[in-house]
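Worksheet for the structure shown next.
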Amino acid sequence: MQWINLTDEEVIIVSYSQNELMSILNTLVSGWENEVVEFKEANENYSTQDIGKYFSALSNEANLRQVESAWLVFGVKNKSRAIVGTSYGRDPERLQQLKMQITRDTEPRSSFREIHELNTPEGRVLMFEIPPAPIGMPVSWQGYFHGRSGESLVALSVNKLDVIRGESSLNDWSAQTVPDASLDDLDPEAVRYARESFLKAHANRFSPEEVSKWSDREFLNRARVTRDGAVTRTALLLLGKEESVDKLPTGMYEMTWKLVGQESAYEHFGLPFMLTTTRLYSRIRNIQIRLLSPGTLLQQEVSKYDEQSVLEALHNCIAHQDYRRPARILVTEHPDKLTFDSCGSFFEGVPDDYVLGDKSPDRYRNPFLVRAMSELYMIDRMGYGIKRMNEVQAKRYLPLPDYDLSDPEKVRLTMYGGVVDPEYTRLLLSNTNLSLPDVLALDRVQKHMEIPNEAAFRLRKAKLIVGRKPRLRVASAVAAATGTRADFIRAHSQDDMFYRRLVEQYLRTFDTATRSDINELLIPKLGEELSDREKQRKVDNLLTAMRREGAIVNTGSRKYSEWRLVDKGD
């Protein structure tokens, strides 16, 4: 198995070598078809509908049989077990579209873990690796649950549905005990820190004196890190010594900090995650930045990133990572933002469900791990973490965090350490009485991101945005509502130099320009946030300023102007 670092994408993926794929295929063929393996010859026109049905069936059966992956294999003859090759999906774009369609039409959202291409002397083989259905959540395709009966594709039976929906933490990867691990495999410093964190989470229930009397065994049981004294995978992830990683299933149990920009650097952080999250945070260059507070002439300094928000994001990556897939958590530090990449789809709902604090998750990918991290004051289990990160950014006058779910294999969170438009952002977040949903929508509009149709309708009705999708823009009416329209216009004075250069370039090329010529040159570039009257006034002011500075001169009349560049030699 090879690890490949795609630096341009800032994503770390895993792929098998051709020899490893051949070994897997031989194993699958020797076992022949069962409920978690399906072989097809599959030509170029093989039905996407059938692929979706098999995805649902194989994913559900993999869950029931507690296997790491199910397989749909193209290019192997069904009866003779002969490799015949397949022409399906020779265009990589088609395979990418297939993954997107599987993600769109499955519930809960899921897709292939990977689509492997194996080239054999007998022909090309495609091996679709399918993850098991999540704990307690059967996977449907276009609203229907599918299963297997021997080699046949059938509707998932009521009994199997009940089994999956009734699953408990016994099927939770993070809850499994590690037979050859003991408390000696835990880092003493991490255990001490865990006790301190436990007291913070339970300050109203336990006194420090009471907790100090507990043995490590009793404490770890009460903190839901171990099970009846047995060391779990959760215990090793959060508190295990660095060398104890060898006792976990083969995988990639680490976080990586990566610096990009004018300088570049990286560092890997392994177990115990209870301690190494803080060590990773210390690598981030969290300098002070200056912002002009609304209503004042004094600048205030704030940290580039809120420490609690960064740790909240990092802890969420740990809690919701799909550890069945060997992938690391990646934190990339850009000059003006941080991105957090974790493996696996967004498990319960979508991020917007949690922004207002109205939703609490019903299910988790790693319920035992989530419970332990909650007991140790690392995360909030009610879904308030996303809301808090948005509120903190708003109070700091910085752009709100963004979630990117376009890749079904991962979740990317972006946290900004700079502003899109300093003056306007302050006006938007502090000088208006906008509701939080409208603040969220306008924040996305100013970042040129899509917003839901209902939000666009509401904001357009309130005259807060102008334009049509996908080119929505924030309306100047927002600045007018604060009584600071002039301030808003002045905040964009940096554009004047751009317009000035356009006028000078025009005059160098054509020698003279009428006012009509200059209007045609500038007005289309002023955008939709200004009215027609305001655009004319802006051109007036620009020409007047350039004339007073001696850059241009009107050699015509007031009514019929003829503008020229001033010859500095004269």
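Since every read-out is calculated from the coordinates, none of them should be taken as a lab result. The shown structure was predicted, so the numbers you read here are calculated from the model rather than taken from an experiment. Using ideal geometry, Cβ is built from the backbone for each residue, glycine included, and neighbour counts are taken over all protein chains shown.
Brief remarks on what is shown
- Taking trypsin sites (Lys or Arg not before Pro) across segment 150-252, the ones in a DSSP loop with at most 15 further Cβ atoms lying within 10 angstrom of their Cβ are ARG205, LYS213.
- With R₀ fixed at 30 Å, the C-beta to C-beta distance from SER360 to ASP50 puts the FRET efficiency at about 0.20.
- Extension gain from ASP540 to GLN101, taking 0.36 nm per residue of separation minus the Cα-Cα distance: 152.7 nm
- Nearby lysines by direct alpha-carbon distance to LYS160 (threshold 30 angstrom, same-chain neighbours under 8 apart not counted): LYS40, LYS53, LYS77, LYS79, LYS99, LYS359, LYS410
- Cleavage-rule hits (GluC sites (Glu not before Pro)) in segment 32-69: DSSP loop, at most 11 neighbouring Cβ within 10 angstrom: GLU44
- Charge tally in the Cβ shell below 12 Å around PRO249, where Lys, Arg are +1 and Asp, Glu are -1, PRO249 excluded: +2
- Full-extension gain in nm, GLU307 to SER87, via 0.36 nm per residue minus C-alpha separation: 74.0 nm
- The slack in the chain from ARG165 to GLU189, taken as 0.36 nm per residue of separation less the alpha-carbon distance, amounts to 4.7 nm.
- Gyration tensor (alpha-carbon) shape descriptor, segment 168-419, a/c threshold 1.5: prolate
- Of the trypsin sites (Lys or Arg not before Pro) found in segment 72-141, those in coil by DSSP whose Cβ has at most 14 other Cβ atoms within 10 Å are LYS77, LYS79, ARG81, ARG90.
- Each label was represented as a point 7 Å from its Cα along the Cα-to-Cβ direction; for ARG508 and LYS525 these points are 1.3 nm apart.
- Using only side-chain charges placed at the Cβ, +1 for Lys and Arg and -1 for Asp and Glu, the dipole size of segment 495-565 relative to its Cα centre rounds to 300 debye.
- Sorting ASP443, ASP185, ASP353 by the number of Cβ atoms found within 10 Å of their own Cβ, with the fewest placed first, yields ASP353, ASP185, ASP443.
- Pairs beyond 24 Å (Cα-Cα), from LYS337/LYS387; LYS304/LYS535; LYS387/LYS461: LYS304/LYS535; LYS387/LYS461
- Tail weight of P(r) past 22 Å, computed on alpha-carbon pairs of segment 28-157, percent: 30
- Expressed as a whole percent, the proportion of Cα-Cα pairs in segment 495-565 lying more than 21 Å apart is 17%.
- Karplus-based coupling profile of segment 219-226, in residue order and whole Hz: 4, 5, 5, 5, 7, 6, 8, 10, with θ = phi - 60° in 6.51 cos²θ - 1.76 cosθ + 1.60 and x standing for Gly or Pro.
- Estimated from the Cβ-Cβ distance and a Förster radius of 30 angstrom, the FRET efficiency linking VAL350 and GLN142 is about 0.95.
- Packing-based exposure ordering (other Cβ within 10 Å, fewest first) of VAL225, VAL163: VAL163, VAL225
- Those aspartates and glutamates that a straight Cα-Cα span of less than 16 Å connects to LYS258, excepting residues fewer than 8 apart in one chain: ASP8, GLU9, GLU10, GLU267, GLU333, ASP336, ASP341
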